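Since the structure comes first, as C-alpha cells, the remarks are kept for the end.
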There are 2 protein chains.
Amino acid sequence: MSRINRLSAYPAGRITLREVGLRDGLQIVRSWPSTAAKIDWLTREHAAGVRHFELGSFLPAARFPQFADLPALIDAAGALPGLHAAVLTLNERAMDAAFASPISEVVCVVSATEEHSLANIRRSRADSVALVRRAAQMRDAQAPDVLVNAGIAMALGCSITGAVDPSEVLRLAEACLDAGADIVGIADTVGYAGPREVAMLCDGMTRLCGDTPFIVHLHDTRGTGIANAAAALDHGAPVLDGALAGLGGCPFAPGATGNVVFEDLAYLCERMGFATGIDIPALAAIRGILATEMPDETLFGALARSGPPANMAWRA
Amino acid sequence: MSRINRLSAYPAGRITLREVGLRDGLQIVRSWPSTAAKIDWLTREHAAGVRHFELGSFLPAARFPQFADLPALIDAAGALPGLHAAVLTLNERAMDAAFASPISEVVCVVSATEEHSLANIRRSRADSVALVRRAAQMRDAQAPDVLVNAGIAMALGCSITGAVDPSEVLRLAEACLDAGADIVGIADTVGYAGPREVAMLCDGMTRLCGDTPFIVHLHDTRGTGIANAAAALDHGAPVLDGALAGLGGCPFAPGATGNVVFEDLAYLCERMGFATGIDIPALAAIRGILATEMPDETLFGALARSGPPANMAWRA
C-alpha cells in the first residue's frame, strides 16, 4: 500500500525522464556550478517540465566538494511543486543523512559483476544487496514514504570482466526487489552496450518487474547512447536517465563521455511518440548555465545546436 | 544481366557502408583538405577496409573549388583495388564528364517534395526523374558498367514543407527505378527523422526494391542519427552512408551538423551483429587528417574518444 504510493512518483503508462546531471554529471568534473547556479539549473528544468532529479550524493565534502551543498539543493527542490528528489547513498551514514532530509528517493548501487563490486565498491554483491535491504529497513523505520532505488552498475558491460551475462543481472535485480527495493535501475556504466543488448535486458526486466517500473541509465561513450535509448523505449523501459549536455565522464574510463544527453533523449522520446511533458527548447537553453559555470567541460548534444524541426509536428 | 553485374558492387546478404565525406562532407565547409591529404584519407580508409566512396561532385570549379581536384581523386581511387567510386552529377554536363572518367557510379538527386525541388534544384520532380532516365541512357551508350544511383533528398522531412508522406517517397523511388536507376537512396537531408519514420520508410523500400539494394543516407542534426541507423539496420537497409567525424553541414539548415559519423556507424553495425570488414580504430585514426587540414571544422563522434570496448568481443 505504502509501496504503491511511493511508486506513484513513476506513473504507469507514460515515460519518465530523470535528470542525473547534478549527481552523475558532476561526479568526476574539474569544476562545477556554484550552489546558486545549481539551484537555477534545477529551477529552470522544473519550469521546463522536468520532475525527476538526482540531486547529489551524500559523500564526505572533503573528498567530494562538488556535493557539499547537497542540503541546500534538497531545500531548493522541496520548494518546487511536484519535484521528485533522489540522492545517492553508498553507505549507512549516507542513508541516515538522507532519511533525515526531505528527499523522495535514495539510490543504492550494486555492481553486476563480483570483480567490479570488490575492486570498485569494495564490497561483495551479496553485501551490496544486504545494504539495499538495510536501506529498506531504515526507510520503513525512519521515512516510510521514501522510495528505495537499487541501481545495478555495469549491467551492460564491465570495465573489468567485459561482457556481462544478462541472466546474472536479472538475478541481481530480483535479489534487490526481494531485499525491499521499490525500483531497480540497469546502468551501462562504461557505455559498452549496443541496441541489441539493451533490448534483450529490457525484455528481461519487463518480464521480471511486471507493472513495477524499472530505470535504464545509459552512457554515450561510443555513440550508441541515443540508439540504446530508442531500443529501451521499444522494449518497455518506462524510466530513462540522462544529463543536460551529456555531462559526466566515467571514473573507470578516462576520456570517456558521460550520460546520454538529456535534451536529445527528451527529443527522441517525443519523436518516437512518447510524451515527456518537457519544453525541449527551454531545456536546451539551460545549457547556458553549464557553459558559464563549467567552462572547461565539453558540452555534448545535437538538439541544442539545431533545435527541433521548425516546420512540422514533432511532439508526441 | 549487365545490371546484375553492376549491382555486385553492393553484395546481397551483408551491410555496405559508403563514405560520403569527400563529397557531402565538403559541400559547405570553409576549408578543405589539400588534394594530397584527400588522397591520403581515401587511401587510409581503403586500407582500413572501406570500399565505397563518394569522391566529389562534377561542379564548376569557380563556385565549388573544394571539388576542383575530383579528377585527381578519381585517378587515385582507380589505383586502389576493389574501390567503388561514386560521383555526384547534377546535370548532363556533369554526367558527360563522369561517364568519360573511370568511375563506378553516378549519383543523381531527386527531391521528395515538389516545393523543395523547384526552390533548391530549380527543376520539377518529373524533370529530375527524366534526368535519371537520361543518365541511364547515357550510361548505356557511353559506360555500360557504371551504376546509376538516384538519391531522394528530403525523403524523411523537408526544410520547406515539413513532414513528407512516405508513400510519395516510395512512388518517386519506383519512378526512379522505372527510369533506369540501379539503386535508390533515401536521404534525411535536414535530419528531421526519428527511428519510427526510418523504420517505416525502410519497410516500404524493402517491399519496393525486393532483392535490389537501397541506400539510407542520414544526418545527425538532432542527435537521432545513430538511432535512425539502428532502425534502418533493423528494417532491412543494406547500404548506409556516413562521413568521417560527421563532416558536413546542411545548406538548408545553418549551424546544423552533418552526416552520421562514419566510425560511430561502423561500430554500431558491428555491435548489432553486422560485419563491416572495417578496422574501426584505424578508421577513427584517420580523423587526424581532418584535424590538421580543416582546423576550423568541429569533428564529431564518440567512438574516436573512447575506442571500442577493450576487454570484450564487440565485432560481428
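Where both bridge residues fall in chain A, DSSP classifies roughly 5% of the beta bridges as antiparallel. Between A:VAL110 and A:GLY151, A:ILE152, A:ALA153, the built amide H atoms are under 5 Å apart, and every one of these is 5 or more places off in sequence or on another chain.
Under 8 Å for C-alpha pairs, at least 6 residues apart: give me the relative contact order for chain A, rounded to a whole percent. Result for chain A is 20 percent.
The Cα trace of the range B:97-156 gives Rg and Dmax of 12.4, 35 Å, the first to one decimal, the second as a whole number.
Arranged by the count of other C-beta atoms within 10 angstrom, fewest first, what order do B:ARG134, B:ARG23, A:ARG315, B:ARG30 take?
B:ARG30, A:ARG315, B:ARG134, B:ARG23
Amide hydrogen proximity for B:GLY56: with H placed 1.01 Å from N in the peptide plane, the residues at 5 or more positions away or on another chain lying under 5 Å are B:LEU88.
What the phi angles of the range B:302-316 give under the Karplus curve with 6.51, -1.76 and 1.60, with θ = phi - 60°, is a coupling list of 9, 4, 5, 6, 9, x, x, x, 7, 10, 8, 6, 10, 7, 5 Hz, glycine and proline written as x. Evaluate the Debye formula for the protein assembly as shown with equal point scatterers sitting on the alpha carbons, no solvent, and hand back log10 of I(q)/I(0) at q = 0.09 Å⁻¹, in q order, two decimals. Normalising to I(0) and taking log10 leaves -0.71. Just how far, in whole angstrom, is the range B:88-153 from the range A:76-106 if you go by their alpha carbon centroids? Distance between centres, Cα-based: 62 Å.
Rounded, prolate or oblate for the range B:194-251? Axes are the square roots of the Cα gyration tensor eigenvalues, ordered a ≥ b ≥ c, and the cut-off for rounded is a/c under 1.5. Prolate, since a/c reaches 1.5 and a/b exceeds b/c. Couplings 3J(HN,Hα) for the range A:145-158, derived from phi with the Karplus relation 6.51 cos²θ - 1.76 cosθ + 1.60 (θ = phi - 60°), are 7, 7, 8, 9, 10, 10, x, 9, 6, 6, 5, 10, x, 10 Hz, where x marks Gly and Pro. What the phi angles of the range B:206-221 give under the Karplus curve with 6.51, -1.76 and 1.60, with θ = phi - 60°, is a coupling list of 4, 5, 5, 8, x, 7, 6, x, 9, 10, 10, 10, 10, 10, 9, 5 Hz, glycine and proline written as x. Estimated from helices alone, the mean residue ellipticity of the protein assembly as shown at 222 nm is -11000 deg cm²/dmol (sum of -39500 (n - 2.57) over DSSP H runs with n ≥ 4, per residue).
Of the residues A:MET205, A:MET200, the one with the fewest other Cβ atoms within 10 Å heads the list, and the complete ranking is A:MET200, A:MET205.
How would chain B be classified by its alpha-carbon gyration tensor: rounded, prolate or oblate, with rounded meaning a/c under 1.5 and the a/b versus b/c comparison settling the rest?
It is rounded, given that a/c, with a ≥ b ≥ c, falls under 1.5.
By the equivalent-ellipsoid construction on the alpha carbon gyration tensor, the range A:172-288 comes out with semi-axes of 23, 18, 13 Å, ordered largest to smallest. Taking amide hydrogens as placed 1.01 Å from N in the peptide plane, the amide H of A:LEU147 sits under 5 Å from those of A:GLU105, A:VAL106, each at least 5 positions away in sequence or on another chain.
In plain terms, the residue of B:VAL29, B:VAL129 with the fewest other Cβ atoms within 10 Å comes first and the most crowded comes last, giving B:VAL29, B:VAL129. Once you order the gyration tensor axes a ≥ b ≥ c over the Cα atoms, which shape class does the range A:229-316 get: rounded for a/c under 1.5, otherwise prolate or oblate by comparing a/b with b/c? It comes out oblate by the Cα gyration axes.
Only the coordinates and a few stated rules stand behind these numbers; no lab work does. Please read these numbers as outputs of a predicted model, since none were measured by experiment. As a convention, Cβ positions derive from the backbone with ideal geometry for all residues, glycine included, and neighbour counts pool all protein chains shown.
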